[in-house]
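Only one structure is covered here, and it is reproduced in the block below.
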Amino acid sequence: MSKSKSPETVKVVVRCRPMNEKEQANKFERVVSVDVKLGQIVVRNPREASASESPKVFTFDSVYDWNSKQIDLYDETFRPLVDSVLLGFNGTIFAYGQTGTGKTYTMEGVRNDPEKRGVIPNSFEHIFTHISRSQNQQYLVRASYLEIYQEEIKDLLSKNQAHRLELRERPDTGVYVKDLSSFVTKSVREIEHVMNVGNQNRSVGSTNMNEHSSRSHAIFVITVECSELGVDGENHIRVGKLNLVDLAGSERQSKTGAKGERLKEATKINLSLSALGNVISALVDGRSSHIPYRDSKLTRLLQDSLGGNACTVMVANIGPASYNMEETLTTLRYSNRAKNIKNKPRINEDPKDALLREFQEEIARLKGQLQNRSGEKKKRKQRRRAGEGSDGEDLEGETEDDDEDGDDKGDYWGEQQEKLERERKAIMEDHSLVAEEKVRLLKKKEKKMEDLRREREAGEMLTAKVKAMESKLLVGGKNIVDHTNEQQKILQQRRHEIAEQKHREREMQQEMESRDEETLELKETYTSLQQEVDIKTKKLKKLFAKLQAVKAEIHDIQEAHIRERQELEQTQNELTRDLKLKHQIIENFIPLEEKNKIVSRAYIDEEDEHWKMQPITRIEDDQPMRTRPLSAVGYRRPLCHHARVAMMMKPDTRYKAENIQILDMDLPTRTTIDYQEPEFAPTVAAALRDALRDEDEIQVDAFGFYSTSGPTPPASAISSLKKTKSGRPRTGKMSSSPKSPFSPSSPGSPLYPQCRGLVPK
Ligand code: ADP
Ligand code: MG
C-alpha cells in the first residue's frame with residue numbers, strides 16, 4: 001500500500017555563525033572558512049607550531065556561512081523536506097552543535113523579526129499555505145512539544161509540568177510517547193501559540209534558561225494528516241510527521257569533581273548525545289548488526305529518523321573563532337559520519353491511528369443524529385397539522401426520549417414556546433379551575449417549557465460541535481484564483497528551481513574536483529621525458545599532500561578517541577567509587593536477609609530501564625483480589641496433615657482452622673477508689689457549728705500549733721493572744737471563748753504566721 005522513495009542518505013548541512021561581539025572585541029582569529037559553491041568547510045589551525053599542518057577540509061551537501069539568510073536555508077534545505085512531509089513521509093530536522101553556535105537561531109530564530117524566523121515558524125507558514133492552495137483534500141494539523149532533560153521526558157504543553165512521560169512501543173506504529181498531548185491547530189497563529197506556550201513552560205521550569213537549553217533536547221512535532229479521494233473511489237489518508245529537534249549543546253561537560261546529584265546529572269546530560277553518536281557510528285559502520293537505539297530516550301524516539309522510515313536533515317552549527325576550534329572539528333567529524341546513514345522513507349498511508357479518520361467518522365455520526373432529529377421534527381409538524389398532539393401531551397413524550405437531538409431552525413422552537421406561553425396564560429386566566437388544579441397544570445407547563453429549552457440547547461450544542469469539528473478539518477482551494485496567491489506560488493517555484501540549480505552546480509563542482517586526478521592519470525602519453533617527470537612530480541606532490549592530510553586526520557581522530565576514552569574512564573571511576581559507598585552502606589546497615597529479599601524481588605524494566613519491585617502477591621490489573629480457596633475437606637483453609645492430626649489430638653488453638661477465637665473479655669483490675677468525704681473530729685465540727693453561730697464572739701485558740709515536743713510559746717505571744725478578740729479581722733463567722741492564750745495573729749510576734757488555727761475546745 002505504501003509508496004516508497006528510493007533509499008536516501010541523511011542530508012547534512014553545516015552553518016557557521018558570525019563572530020559575536022565578544023569574539024570581535026577580543027580579536028579572536030577566524031579559523032573557519034566556508035566555500036559555499038563547493039560545499040566545503042576548511043578549518044585552519046592558527047598555532048605557529050602547526051603552520052606546516054595542512055588545513056582540514058570537510059565536504060557536505062550544503063554549507064552556509066555567516067551571511068546566510070534564514071529563508072535561503074529554508075528554501076534550499078528544509079522546504080523539500082517539509083514538502084515530503086505534506087506528501088505523507090516522515091521528516092526530521094536536527095540542529096547539532098556546541099552551545100551558542102546557533103541551533104536555536106536556526107530552529108526558531110528571532111521571534112519578532114520575519115527576516116530572522118527559523119525553520120519552525122517558516123514550516124508553519126509553508127504547511128498552512130500549502131493547505132490553503134490544495135484542492136479536493138481535507139487536512140488535519142496537530143502539534144506536540146516535548147523536552148528530554150536528564151533522560152526524562154516532559155510534555156511542554158501539559159498543565160502538569162511535574163509529570164514525566166514514558167516511551168512505549170507498538171508493532172504497527174513503532175515508538176511513541178505515552179499520554180503526550182497534541183493540539184489540533186487551524187492556522188499559523190494557532191500553531192504559533194502552541195509553540196509559545198511550550199517555550200514559556202520550558203523557561204519557567206529552569207533557573208537559567210541558557211544553561212537549561214544547553215542541557216536539554218527540545219522536540220516540536222507537527223503531524224499533518226491529509227485525506228483524499230483515491231483512484232479506487234475510496235478516501236485515503238496519508239500521515240506525515242515532522243520532528244523539529246533542537247539538541248543539547250554538544251560540548252563536553254566537565255566531569256571532574258562531580259559528586260552525587262551533579263555526577264548523576266553529568267552522566268545523564270550527554271547520554272542521549274553520545275548514544276546518538278553511537279547509533280550513527282553503528283549505522284555507517286555496516287559491520288555491526290546491533291544498533292543501540294535503546295541506549296537513550298532521544299535515539300529511541302527518533303529511531304525512524306536514523307536509518308528508518310524518514311527523510312532527515314541534520315544541521316551542524318559551528319562557531320568561526322579559534323578558541324572553539326576543537327569543538328568545531330568534533331562537530332564536523334560527527335556530522336561527516338552522519339551523512340552516510342541511509343534511510344528508507346515511505347508514505348504512511350491509511351495508518352490505524354489516523355485522527356482524521358476518527359474526526360470524519362464522528363462528524364458523520366453527529367450529522368446522522370441531526371438528520372434524525374430533523375426527520376422527527378418534520379413528522380411532528382405533520383402530526384400537528386393533522387390535529388394530533390395539539391394538547392402538547394405528545395410533545396412531552398417525545399422530548400423526554402430525544403433530548404440528545406438538535407434542530408437547525410429557530411422558528412420551530414419559537415412556535416412551540418409561544419404555544420406553551422399561550423397555554424400557560426389560558427390556565428392562569430381560567431377561573432373555573434380550582435387553585436390546586438391550576439398550580440398542577442402550571443407546573444406541568446413549566447416543566448414542558450424547561451424540557452423544550454433543554455432540547456433546544458442540546459440541539460444547538462450538537463450543531464456547534466459539528467461546526468467546531470468541521471472547522472478543524474482544513475480544506476483549501478478557496479483563494480486559488482487569487483492573483484497574488486498565484487504570483488507567490490510562481491515565486492516560490494522559481495526559488496525552488498534556483499535552489500535546485502545551485503545544488504546541481506555544487507554537485508558538479510565536487511565531481512569535477514574528484515575527476516581532476518583521474519584525468520591526470522589518463523594523460524599517459526608524454527612528449528618528452530622532462531614532461532613526464534614534471535607531470536609525475538605534480539601528481540606525487542598532490543598525492544603526498546593527500547596522504548599527509550589523511551595521516552593528520554587519523555592522528556586527530558585517535559587523539560579525540562583517547563580523550564573520550566579517558567573521560568569515560570574517569571566517569572567510570574567516579575561511578576565505581578559511588579557504588580562502593582552504596583555497597584558499604586548495604587553491607588553494614590541492611591540485614592542480609594532483607595537485602596536478599598529485595599534482590600530476589602527486583603527486576604529490570606526494559607521499557608524504561610528502571611529497577612522495579614515485584615509485588616509480593618501478584619494480582620492482575622483487571623482481577624479482583626483473590627479470595628482464599630476453601631479446603632477440599634471442608635475446612636476454612638487448606639491444612640497440612642500435621643495440623644489436622646494435632647487439632648484432633650489436643651485442643652491447641654494453634655491448629656484450629658478458624659484463626660479467630662472468641663474469648664471472654666478480661667475486665668481490667670481496679671486502680672481507683674471511690675471518693676469519700678473527709679471526716680471532721682466531732683470537736684472540730686462543734687467548733688465550726690459554734691463559730692458559725694455568732695461572729696462577734698469568736699475565740700481562736702492556736703495552742704494546738706505547738707506540739708508537746710515543740711518549743712514553748714514565748715510569753716509575749718501569750719500576752720498578745722489575750723487581746724485577740726478585738727485584733728482579728730472580721731471575715732469569718734466564728735465565735736468561741738478563747739481557751740488558748742496563744743494567737744499567731746499577733747502583730748508583735750514575728751514567729752507566728754498570719755493564719756487562724758482551729759483546735760478542739
Ligand atoms: P545555541 O542554541 O546553539 O546555544 P543560539 O541559537 O542561542 O545558540 O545562538 C547564540 C547567539 O548567536 C544568539 O544570540 C543568536 O542570535 C546568534 N546567532 C547564531 N547564529 C547566528 C546567525 N547565523 N546569524 C546571526 N546571529 C546568529
Ligand atoms: Mg539553544
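The values are calculated or read from the model by the stated rules, or taken from the named source; none is laboratory data. From a predicted model like this one, the values you see are computed outputs, not experimental measurements. Positions of Cβ are generated from backbone atoms using ideal geometry, with glycine treated the same way; all protein chains shown enter the neighbour counts. Note: areas computed on protein heavy atoms with side chains; ligands, DNA, RNA excluded. Shrake-Rupley method; radii C 1.70, N 1.55, O 1.52, S 1.80 Å.
Kindly establish whether G100 is within 16 Å of ligand 1 (Cβ to nearest atom) and either touching a residue at least 24 places away in the same chain (Cβ under 8 Å) or assigned to a strand (DSSP E or B) (or both).
In short, yes.
Here are some conditions: (1) more than 12 Å from ligand 1 (Cβ to nearest atom); (2) within 25 Å of N122 (Cα to Cα); (3) buried (at least 18 other Cβ atoms within 10 Å of the Cβ). Q40 meets all but one. Which one does it not meet?
Going through the list (1) more than 12 Å from ligand 1 (Cβ to nearest atom); (2) within 25 Å of N122 (Cα to Cα); (3) buried (at least 18 other Cβ atoms within 10 Å of the Cβ), Q40 breaks only (2).
Could you tell me whether segment 9-24 includes any residue that is within 16 Å of ligand 1 (Cβ to nearest atom), open to solvent by 10 Å² or more (accessible area, probe 1.4 Å), in contact with a Ser or Thr (Cβ under 9 Å, 6 or more places away or on another chain) and under 17 Å from A321 (Cα atoms)?
Yes, segment 9-24 has at least one match.
For segment 213-228, which residues satisfy the criterion of being of a type in the set (A, V, I, L, M), surrounded by 22 or more Cβ atoms within 10 Å (Cβ to Cβ) and more than 12 Å from ligand 1 (Cβ to nearest atom)?
Within segment 213-228, I219, I222, V224 qualify.
Give the residues of segment 583-596 that are outside any loop (DSSP other than H, G, I, E, B) and surrounded by 10 or more Cβ atoms within 10 Å (Cβ to Cβ), sorted by residue number.
H583, Q584, I585, I586, E587, E594, K595, N596
State the number of residues belonging to segment 161-177 that are more than 14 Å from the chain's Cα centre (by Cα) and part of a strand (DSSP E or B).
Final tally of qualifying residues: 5.
Taking the condition among the polar types (S, T, N, Q), modelled with pLDDT under 90, away from ligand 1 (no atom under 16 Å from the Cβ) and open to solvent by less than 20 Å² (accessible area, probe 1.4 Å), does S123 pass?
When the stated conditions are applied, S123 does not pass them.
Residues checked against (1) within 15 Å of ligand 1 (Cβ to nearest atom); (2) open to solvent by less than 40 Å² (accessible area, probe 1.4 Å); (3) within 23 Å of R294 (Cβ to Cβ):
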site: L87; (1), (2), (3): no, no, no
site: A95; (1), (2), (3): yes, yes, no
site: E108; (1), (2), (3): yes, yes, no
site: E115; (1), (2), (3): yes, no, no
site: V119; (1), (2), (3): yes, yes, no
site: F128; (1), (2), (3): no, yes, no
site: A143; (1), (2), (3): no, yes, no
site: E147; (1), (2), (3): yes, yes, yes
site: D155; (1), (2), (3): no, yes, yes
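Check whether at least one residue in segment 72-79 is within 18 Å of A338 (Cα to Cα) and either open to solvent by less than 70 Å² (accessible area, probe 1.4 Å) or more than 16 Å from ligand 2 (Cβ to nearest atom) (or both), and report yes or no.
Checked against the condition, which is being within 18 Å of A338 (Cα to Cα) and either open to solvent by less than 70 Å² (accessible area, probe 1.4 Å) or more than 16 Å from ligand 2 (Cβ to nearest atom) (or both), segment 72-79 yields at least one hit.
What number goes with the only condition from (1) farther than 30 Å from N278 by Cα; (2) crowded, with 21+ Cβ neighbours inside 10 Å that A338 does not pass?
(1)
For segment 107-152: of the residues being basic (K, R) and within 16 Å of ligand 2 (Cβ to nearest atom), which is farthest from S187 (Cα to Cα)?
Across segment 107-152, the extreme among qualifying residues is K116.
One residue is enough: does segment 616-627 have a residue meeting the conditions at pLDDT 70 or above, closer than 30 Å to R168 by Cβ and either open to solvent by less than 100 Å² (accessible area, probe 1.4 Å) or outside any helix (DSSP H, G or I) (or both)?
yes
Can you confirm whether G249 is within 16 Å of ligand 2 (Cβ to nearest atom), open to solvent by less than 10 Å² (accessible area, probe 1.4 Å) and at pLDDT below 90?
yes
So the check is Cβ under 8 Å with 6+ separation or different chains; which pairs have a first residue in segment 59-81 that's part of a strand (DSSP E or B) and a second one that's acidic (D, E)?
S62/E76; V63/D35; Y64/D72
For the list (1) open to solvent by less than 60 Å² (accessible area, probe 1.4 Å); (2) out of contact with any Pro (no Cβ under 8 Å at 6 or more places or on another chain), I need the number of the one condition that M195 fails.
(2)
Would you please list the contacts, defined by Cβ atoms under 6 Å and residues six or more apart or on different chains, that run from a residue in segment 339-358 that is farther than 20 Å from S281 by Cα to a residue that is loosely packed, with under 15 Cβ neighbours inside 10 Å and among the aliphatic types (A, V, I, L, M)?
What qualifies is E349/M1.
Checking L180 against (1) free of Cβ contacts under 8 Å to residues at least 60 places away in the same chain; (2) in a helix (DSSP H, G or I), which single condition isn't satisfied?
That leaves (2) as the condition not met.
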